[in-house]
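Single-structure report; data block below.
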Amino acid sequence: MFMIVAGVVLSIGALQYEFKQGSSGEYTGQPVYEYGMLTPQEQHVVDGALNGKTYAFDSSESLPSASRPGFRPKNVKVHVRGADRTFTYRTVFPATSPKGLGTISLIGGGLLAMFEAVRRQHFSTSWPWQTG
């Protein structure tokens, strides 16, 4: 049980924030941000997204928006080069990263340990692990 609880707690720390150009959600009426008013780090992220990059960050500080991402995709508009551009951001669980794989392994190991404990207690002579 401790392994499962630890895996759930670690899964919160493994979450990442994804940012890319697109419109896979409805615009929520947030203000349009001016490119010149963004921080240099936010400008770098917007420029990369305009070039087709998808960013994944451990914190949401580099995202040009006042609201923080959720699990549902949200859009933010930035006025860049004379046009309003829409960018999509959301929270994702990176299953193939080391943190994600560790979390999945920890939860899977906890479930396997619980299964084995029940099997040993109630079905000790059952195949494939006969102990009696």
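The values are calculated or read from the model by the stated rules, or taken from the named source; none is laboratory data. None of the values given here were measured: they were computed from a predicted structure. Cβ: placed from backbone, ideal geometry, glycine included. Neighbour counts: every protein chain shown. Side chains included, ligands, DNA and RNA excluded: accessible areas come from the protein's heavy atoms. Shrake-Rupley method; radii C 1.70, N 1.55, O 1.52, S 1.80 Å.
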| field | Sites residue 119 and residue 58, calculated FRET efficiency, Cβ-Cβ separation with R0 41 Å, nearest 0.05 | value | 0.60
| task | Please calculate how many Å² of accessible area the range 29-117 carries per residue, with a 1.4 Å probe and no DNA, RNA or ligand atoms counted. | result | 57 Å²
| task | Of all alpha-carbon pairs in the range 36-91, indicate the percentage at a distance above 19 angstrom. | result | 19 percent
| note | With every protein chain in place, the accessible area of residue 123 for a 1.4 Å probe, in Å² rounded to the nearest 10, comes to 110 Å²
